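Heads up: the structure comes next, in structure tokens.
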Amino acid sequence: MRPLSIEEIESARVKLLRNAESLFAESRLLYEHGFFSRGYTLAHICCEELAKIPMLVGAGLDLANGEEVDWKKLFHRLTAHKEKIEAMHANDYFRSGIRADESDLKRYEEALKATPHLNNMKNNSLYAGLVDDVFLEPAEMVAEENARELIAITEDRLRHFQMAEKASLGKIAGSRVGKKMRKIVKGYKE
């Protein structure tokens, strides 16, 4: 992946959100017309598309802070399904309320453990294949309830990103708070 400028990152955010909105609308259309497995597929892919936005924002904040960006690593994260699913779990966690009983953290840890299952569900919603030594088609593996649940979760995530992008789009370079928070977060990792 070639290095991107902050302006290119800002443009990519617009395109990612627009594509996610389209994927979600198409997911609902498929679900409403009884195509539950494919509705599930597009809702899942919508979530993966949304997960790419914070990854790019982080790279943009690094650029704004004058730091190097590992473009190869970022490209891998933008294309690796597991990385995008885990990024969405992290986003959900950060949006959740802090609980004294640590149920928020426990829920996040459980979500991370479910990552392989969620990726398998996405694949099962697309492809016919062997499951427990039985050849099944997507309609046999993804139920209406699975699609309905994921579409509801996706709608909540999409609304969050729409609000966040409306408030922050085009502001990476001038975001003093964002740049400072990025430095703090990266400082804790080192």
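The values are calculated or read from the model by the stated rules, or taken from the named source; none is laboratory data. The model shown is predicted, which means the values in this text are computed figures rather than measured ones. Using ideal geometry, Cβ is built from the backbone for each residue, glycine included, and neighbour counts are taken over all protein chains shown. Note: areas computed on protein heavy atoms with side chains; ligands, DNA, RNA excluded. Shrake-Rupley method; radii C 1.70, N 1.55, O 1.52, S 1.80 Å.
Using unit Cβ charges (K, R positive; D, E negative) and no other charged atoms, how large, in debye to the nearest 20, is the dipole of the range 58-100 about its Cα centre?
For the range 58-100, the charge dipole is close to 260 debye.
Using +1 at the Cβ of each Lys and Arg and -1 at the Cβ of each Asp and Glu in the chain, identify which of I172, L29, A12 lies farthest towards the dipole's positive end.
I172
Is the range 68-157 best put as rounded, prolate or oblate by its Cα gyration tensor, with a ≥ b ≥ c the root eigenvalues, rounded for a/c under 1.5, and otherwise prolate when a/b is larger than b/c, oblate when not?
Cα axes put the range 68-157 in the oblate bin.
May I ask you to order 137-147, 55-65, 99-109, 171-181 by the average number of other C-beta atoms within 10 Å around their residues, highest value first?
The densest-packed peptide leads the list: 55-65, 137-147, 171-181, 99-109.
Quick one: how many Å² of F161 are accessible to a 1.4 Å probe, rounded to 10?
Number for this one is 10 Å².
What's the local net charge at E83, with K and R +1, D and E -1, over the other residues with C-beta under 11 Å away?
With Lys, Arg at +1 and Asp, Glu at -1, the neighbours total +3.
Could you please state, rounded to a whole Å, how far the C-alpha centre of the range 54-89 is from the C-alpha centre of the range 122-178?
19 Å
For an R0 of 30 angstrom, estimate the FRET efficiency from the Cβ-Cβ distance between E140 and K113 and round to the nearest 0.05.
Numbers: r = 25 Å, r/R0 = 0.84.
FRET efficiency, E140 to K113: 0.75.
Compute the convex hull volume of the Cα atoms of the chain, divide it by the residue count, and report the result per residue in Å³ as a whole number.
Hull volume over Cα atoms, normalised by residue count, gives 141 Å³.
Quote the charge dipole size of the chain about the Cα centre in Debye, to the nearest 20; the model charges only the Cβ of Lys and Arg (+1) and of Asp and Glu (-1). Don't skip to the end; give the middle numbers.
Working: 30 positive and 31 negative charges, 225 e Å.
The calculated dipole for the chain is roughly 1080 debye.
Please give the calculated 222 nm ellipticity per residue for the chain, where each DSSP H segment of at least 4 residues contributes -39500 (n - 2.57) and the sum is spread over every residue; nearest 500 deg cm²/dmol?
It comes out at -25500 deg cm²/dmol, rounded to the nearest 500.
For the chain, what are the DSSP H helices with axial Cα length of 24 Å or more and mean Kyte-Doolittle hydropathy of at least 0.0? Before the final figure, lay out the partial values.
Working: long enough: 6-32 (39 Å, -0.19); 36-64 (43 Å, 0.74); 144-168 (35 Å, -0.86).
Qualifying helices: 36-64.
How are the alpha carbon pair distances in the range 150-190 distributed across 10 Å bins from zero to the largest one, expressed in percent?
Distribution as computed: 25, 32, 32, 11 percent.
Could you work out the local net charge near D104, counting Lys and Arg as +1, Asp and Glu as -1, over the other residues with Cβ closer than 13 Å to its Cβ? The partial results should precede the final answer.
Values: positive: R95, R99, K106, R107; negative: D92, D101, E102, E109, E110.
Surrounding charge for D104 is -1.
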